[in-house]
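Quick notes on the structure that follows.
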Amino acid sequence: MSLFWAHERSVESAFVRWIHLLHWLPITHFFGKQPQPHPFTPAMRICCIGAGYVGGPTMAMIAAKCPHIRVDVVDLNAERIAAWNSDELPIYEPGLDDLVREARGRNLFFSTAVKEGIHAADIIFVSVNTPTKTFGVGAHKAADLRFVESVARTIAEVAENPKIIVEKSTIPVKTAEAIQSILGADSKGLKHQVLSNPEFLAEGTAVKDLSNPDRILIGGEQTEAGLAAVEALVSVYANWVSRDRILTTNLWSSELSKLVANAFLAQRISSINSISALCEKTGADVDEVARAIGSDSRIGPKFLKASVGFGGSCFQKDVLNLVYLCGHFGLPEVAAYWDQVIQMNDWQKHRFAERVLHTLFNTVTGKRIAVLGFAFKKDTNDTRESASIYVCRDLLEERASLSIYDPKVGVPQICKDLGVQPDSPNVEFATSAAQAAAGAHALLILTEWDEFRSLDFEAIYKSMVKPAWVFDGRSLLDHAKLRQIGFKVYSIGKPLPVEANA
Ligand code: UDX
Ligand code: UDX
């Protein structure tokens, strides 16, 4: 099916076109009615480039909440697009299947037709990946912007009328300037508007976060055309988010706020993780400390759960990006301050693996170690920067024999992350926690999946080599009960058992 619409599109000024787009909001708002989906001429067309963890769910939500808008999600990866068009979506998110089913084929379309999508769109979201650079200037810190740049060049090549281009990908401050200059370099004389609209959804709760966000942040140029573009995007979100939750700022504040939000969240985790080490030495309990300090309304209770280390595609990447920016702008003291958040996280992951090693009499060579959880957090199949990867690698280096179980992460992904073959002699892939634990010397809880709380630990204990150890990297289980069964237990941030001091 062609993505082009039959009707002629006149090349109006950007301002006039966006003002037209705004007309939809009052109609749907004041009469409380949504236009009928079939057949329909969309009031607006949105194209999202990048059908990943951010682009896919965000567009599914816009399509579900705005049946009068046509949303095309395009991606170079044909396999991923095929999955979005199938019953087996490429990412697991509670509630996402229903959302996609509701809108797909009605006003939500997934395809590889990138150029057609751009050509027909009024608003283009850029949701491609911006990984940390692994080479050259800024290696291991700066964001690799080659995909963002290539998208900007494609837009410049294909667009025949002014577009609103929305940076959804997390990018360094001032990227909008670079995009503008690429867009402005074409000879067509079109004046596109670039907006920053960072996404704050967390994986595992994406649908909930998207349908009821704390805030929507939109940054734009402080000019008449820029403000009109901001208002056009506000009108999309206003279909389901109250206006007082839609914050508008200048471009640079919006771009920077995303990095700062993630840096503050990561910093809280590194802070409580640093205290977890002190708790283990002093006999304090990190969960009690977290509760005590979190009850102070100035501190608040969220993001104070000690863990084996934070993972995910954003925290490390964004903090490193912030560190790089501070260095770039001649602020080495600020850079060093934020860099410590990452160093503490790396230390926490290695510290956990070392604790396992020391406790198991300083050798895990040939010992079967059950790893429960490979995703970077529960309710997602995403393993990017998962603490599990680092702990497993450290243990494999010590020649442990791992049996890994995760409810949602598949064998190919685990193999890729650990650099092993599916028939590796050192890694077994279990289909249940009980199977992973059978014959193991130790059980490691690395992801806080709910199902791990209610395992049959009596049976698991019987099936394990004695002394049977549990290393709880999420402080998830009922440790008193486990000890009653006979387990030896180490948990992040809890007083060290005598045997673990070995
Ligand atoms: C990505 C970024 O990692 C993150 O920084 C940003 O905030 C939002 O976008 P995510 O959606 O999790 O997050 O990335 P990913 O799942 O890797 O999806 C990106 C998609 O873009 C991939 O499917 C990739 O095939 C696609 N892509 C990439 C293109 O379609 N064109 C390109 O030129 C590059
Ligand atoms: C994060 C931000 O929360 C979100 O706003 C942004 O858009 C993307 O990055 P995400 O990475 O999906 O979201 O998950 P999040 O819930 O923030 O967890 C990140 C990591 O921190 C996970 O590994 C999690 O287990 C860990 N974590 C979180 C802790 O160790 N302790 C906590 O108290 C909270």
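The values are calculated or read from the model by the stated rules, or taken from the named source; none is laboratory data. In this text the structure is predicted, and so the values were computed from the model without any measurement. A quick note on method: Cβ atoms are made from the backbone with ideal geometry, for glycine too, and the neighbour counts reach across all protein chains shown.
Just a few scattered comments:
- Search result, residues across region 353-389 that are farther than 21 Å from THR431 by Cβ and outside any loop (DSSP other than H, G, I, E, B): ALA353, GLU354, ARG355, VAL356, LEU357, HIS358, THR359, ALA387
- Verdict on ALA387 being at pLDDT 95 or above, aliphatic (A, V, I, L, M) and in contact with a Lys or Arg (Cβ under 7 Å, 6 or more places away or on another chain): yes
- Scoring PHE125 on the criteria (1) at pLDDT below 95; (2) within 16 Å of ligand 2 (Cβ to nearest atom); (3) crowded, with 20+ Cβ neighbours inside 10 Å leaves a single failure, condition (1).
- Set THR130, THR175: member being among the polar types (S, T, N, Q), more than 25 Å from TYR92 (Cα to Cα) and out of contact with any Pro (no Cβ under 6 Å at 6 or more places or on another chain): THR175
- Being surrounded by 22 or more Cβ atoms within 10 Å (Cβ to Cβ) and more than 30 Å from GLY95 (Cβ to Cβ) holds for only one residue in VAL409, VAL323, and it is VAL323.
- Among the conditions (1) away from ligand 1 (no atom under 11 Å from the Cβ); (2) at negative phi; (3) of a type outside the set (Ser, Thr, Tyr); (4) touching a strand residue (DSSP E or B) at 6+ places or on another chain (Cβ under 9 Å), the only one that MET61 does not satisfy is (4).
- THR380, sole failed condition from (1) within 16 Å of ligand 2 (Cβ to nearest atom); (2) more than 26 Å from PRO57 (Cα to Cα): (2)
- Residue identified as under 19 Å from ASP209 (Cα atoms) and within 16 Å of ligand 1 (Cβ to nearest atom) among LEU247, LEU256, LEU265: LEU265
- Enumeration of residues in region 116-131 that are within 12 Å of ligand 1 (Cβ to nearest atom) and assigned to a helix (DSSP H, G or I): GLY117, ILE118
- Scanning region 290-312 for residues that are under 24 Å from PRO497 (Cα atoms) and either within 16 Å of ligand 1 (Cβ to nearest atom) or free of Cβ contacts under 8 Å to residues at least 24 places away in the same chain (or both) turns up ALA290, ARG291, ALA292.
- Residue in region 313-352 that is nearest to ligand 1 (Cβ to nearest atom), counting only those that are more than 30 Å from GLY52 (Cα to Cα) and assigned to a loop (DSSP other than H, G, I, E, B): PHE329
- Restricting attention to region 305-319 and to residues that are in contact with a Phe, Trp or Tyr (Cβ under 6 Å, 6 or more places away or on another chain) and near ligand 2 (Cβ under 6 Å from one of its atoms), the residue that is nearest to ASN273 (Cα to Cα) turns out to be GLY311.
- Hey, LYS416 out of contact with any helix residue (DSSP H, G or I) (no Cβ under 9 Å at 6 or more places or on another chain) and surrounded by 16 or more Cβ atoms within 10 Å (Cβ to Cβ) or not: no
- Cβ pairs under 9 Å, 6+ apart, first in region 254-277 and within 8 Å of ligand 2 (Cβ to nearest atom), second outside any helix (DSSP H, G or I) and among the polar types (S, T, N, Q): LYS258/THR170; LYS258/SER196; ASN262/THR170; ILE269/SER307; ILE272/SER307; ASN273/SER307
- Scanning region 439-463 for residues that are assigned to a loop (DSSP other than H, G, I, E, B) and either within 16 Å of ligand 1 (Cβ to nearest atom) or in contact (Cβ under 8 Å) with a residue 60 or more places away in the chain (or both) turns up GLY439, ALA440, HIS441, LEU446, THR447, GLU448, TRP449.
- Enumeration of residues in region 128-147 that are of a type in the set (S, T, N, Q) and either touching a Phe, Trp or Tyr at 6+ places or on another chain (Cβ under 7 Å) or surrounded by 14 or more Cβ atoms within 10 Å (Cβ to Cβ) (or both): ASN129, THR130, THR132
- Counting only residues that are assigned to a helix (DSSP H, G or I) and under 11 Å from ASP406 (Cβ atoms), region 418-436 holds 2 of them.
- Matching residues, region 464-502, being of a type in the set (Asp, Glu) and assigned to a loop (DSSP other than H, G, I, E, B): ASP478
- For region 73-112, a residue qualifies if it is part of a helix (DSSP H, G or I), in contact (Cβ under 8 Å) with a residue 12 or more places away in the chain and more than 16 Å from ligand 2 (Cβ to nearest atom), and the qualifying residues are ALA78, ARG80, ILE81, TRP84, LEU99, VAL100, GLU102, ALA103.
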